[in-house]
1. I'd like the full set of residues that are part of a helix (DSSP H, G or I), within 16 Å of Thr3 (Cβ to Cβ) and either touching a helix residue (DSSP H, G or I) at 6+ places or on another chain (Cβ under 8 Å) or free of Cβ contacts under 8 Å to residues at least 12 places away in the same chain (or both), limited to segment 14-42.
2. Answer with yes or no whether Ser17 is more than 24 Å from the chain's Cα centre (by Cα), surrounded by 10 or more Cβ atoms within 10 Å (Cβ to Cβ) and small (Gly, Ala, Ser).
3. Take the residues in segment 23-55 that are modelled with pLDDT of 95 or more and surrounded by 10 or more Cβ atoms within 10 Å (Cβ to Cβ), then tell me which one is nearest to Lys9 (Cα to Cα).
Amino acid sequence: MATNVEISKSGSENNLSLLKKFTRKVQSSGVLKRARSIRYKARPLSEFKKKKATLKSLERKKQYQRLVKLGKIQENRHYTHKR
């Protein structure tokens, strides 16, 4: 959604008043308000990326449990979840 803000210079208008006119026009159009509102919003993940992340997580858990079973690492009971 691009909104262009245009102003035109009158014959006797100086640069400072032209800048103030532009600022008022931009403020009233709401362009900056919209840009600031969507500045840090993240796009929702696609179904493929969700599935890929889930599979990766499951694989890591499986690998961790395998290493615990082999005795290569000790299970830290403080952080494990009981299900």
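The values are calculated or read from the model by the stated rules, or taken from the named source; none is laboratory data. Keep in mind that what you see is a predicted model, and the values were worked out from it rather than measured. Here Cβ is always computed from backbone atoms with ideal geometry, including for glycine, and neighbour counts include all displayed protein chains.
1. Just the residues of segment 14-42 that are part of a helix (DSSP H, G or I), to begin with: 15-29, 31-37.
Of the ones still in play, those that are also within 16 Å of Thr3 (Cβ to Cβ) are 22-29, 31-37.
Thr23, Arg24, Val26, Gln27, Ser28, Leu32, Lys33, Ala35, Arg36, Ser37, listed by residue number.
2. yes
3. Lys49
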